[in-house]
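These notes are about the structure you will find just below.
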Amino acid sequence: MIKKAKITVLLKEQILDPQGKAVLKGLQSLGFGEVTDVRQGKVFYLHLESPKSRSELEEELRKMTHKLLANPIMENFKIEFLE
Amino acid sequence: MKTVAVIVFPGSNCDEDALSALAGLGFSPKRVWHDDKKLSGIDAVILPGGFSYGDYLRCGAIARLSPIMDAVEEFARSGGKVLGICNGFQILAERGLLPGALLRNRDLHFICKTVGVRVENTRTPFTSQCKKGQILHLPIAHMEGNYTLDLERLEELEAKQQVIFRYTSDKGQMSEDANPNGSLHHIAGVSNETHNVVGLMPHPERVIDKLLGGEDGKWIFDSLKAA
């Protein structure tokens, strides 16, 4: 039974990420010249109690993401099952 | 006398300014709590500025799910006049009643200053008394005012005259410098396709009295009065 899902939400590639840019500048000023770009996102861990199948749950999680966790105009997301 | 509802969400903080601006300009203002389910006897709705739900998740993302928003949506979809100011604009965009989204400001600063705002379309209930191209001086106070929309839909928006306000310099010129937050096409406010729902990031309710630094906000309220 799936107990935990991880949903990662990131700004779409073509959208400017000022936070990511600020973090990049920070890393570079610390001397980490290997970093050429940073994109900052959000991670949600959802604890689940449900008899539903994996594919049914994935569908539910997709709906949750579309309805609340991510704004599809500006963000992409990835759903992973843990445990 | 027109009755205008001002919706108050947990975290709204510009509701009092909106209510007192309305009262002072000859409207009958009505404070409506976000938990209420009905709107009745209302001529227009204002979603005020502030930090509804602390801007948690995304600005306006949780407020758009408040019980009152079903009534606001029904009112909007049946042609009712709705004005979203700052956080109110963010809530309307999250709800899908206005196109696009408001991202974090390009320079990552919370910007609090008076800006030039050009009226692009006078065929809305909130700009009918203005002249096309008129420059208003309105204050902005936001961290997430960077308007975005995918380029295809943005072209459609322009073609359908849904861009209502654009940022300009003090003297009315558009430029990257005059754009405080990086908004695409310098957009400061938009409307829906039928032009009855308008959202803008600047605060007209803060400049309705010379004593407070300006009166340009009156143009928007006078338009509503005449609507």
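The values are calculated or read from the model by the stated rules, or taken from the named source; none is laboratory data. Since the model is a prediction, treat every value here as computed from it, not as a measurement. Every residue, glycine as well, gets a Cβ built from its backbone with ideal geometry; the counts of neighbours run over all protein chains shown. Side chains included, ligands, DNA and RNA excluded: accessible areas come from the protein's heavy atoms. Shrake-Rupley method; radii C 1.70, N 1.55, O 1.52, S 1.80 Å.
For the structure I just gave you, tell me whether residue A:46 is closer than 20 Å to residue B:150 by Cα, assigned to a strand (DSSP E or B) and within 13 Å of the chain's Cα centre (by Cα).
Judged against the criteria, residue A:46 is not a match.
So which residues in the range B:50-86 are assigned to a helix (DSSP H, G or I), more than 14 Å from every other protein chain (Cβ to nearest Cβ) and closer than 11 Å to residue B:34 by Cα, if there are any at all?
Across the range B:50-86, the qualifying residues are B:52, B:68, B:70, B:71, B:72.
Does residue B:182 meet the test of being at positive phi, open to solvent by less than 50 Å² (accessible area, probe 1.4 Å) and in contact (Cβ under 8 Å) with a residue 24 or more places away in the chain?
Yes: the conditions hold for residue B:182.
Could you pull out the residue among B:108, B:98, B:92 that is part of a loop (DSSP other than H, G, I, E, B), open to solvent by less than 20 Å² (accessible area, probe 1.4 Å) and within 14 Å of another protein chain (Cβ to nearest Cβ)?
Result: B:98 is the single residue among B:108, B:98, B:92 that is part of a loop (DSSP other than H, G, I, E, B), open to solvent by less than 20 Å² (accessible area, probe 1.4 Å) and within 14 Å of another protein chain (Cβ to nearest Cβ).
Determine if the range A:40-50 includes at least one residue that is open to solvent by less than 40 Å² (accessible area, probe 1.4 Å) and within 12 Å of chain B (Cβ to nearest Cβ).
No, the range A:40-50 contains no residue that is open to solvent by less than 40 Å² (accessible area, probe 1.4 Å) and within 12 Å of chain B (Cβ to nearest Cβ).
Can you report the number of residues in the range A:65-83 which are within 17 Å of residue A:3 (Cα to Cα) and either within 13 Å of another protein chain (Cβ to nearest Cβ) or open to solvent by less than 50 Å² (accessible area, probe 1.4 Å) (or both)?
So the count comes out to 2.
Could you tell me whether the range A:8-21 includes any residue that is at pLDDT 95 or above, of a type in the set (Val, Ile, Thr) and surrounded by 14 or more Cβ atoms within 10 Å (Cβ to Cβ)?
The answer is yes, given that some residue of the range A:8-21 is at pLDDT 95 or above, of a type in the set (Val, Ile, Thr) and surrounded by 14 or more Cβ atoms within 10 Å (Cβ to Cβ).
Looking only at the range B:154-178, count every residue that is at pLDDT below 95 and either under 23 Å from residue B:194 (Cα atoms) or open to solvent by less than 10 Å² (accessible area, probe 1.4 Å) (or both) and tell me the total.
0
Can you give me the number of residues within the range B:186-223 that are more than 17 Å from residue B:89 (Cα to Cα) and part of a helix (DSSP H, G or I)?
Here the count works out to 7.
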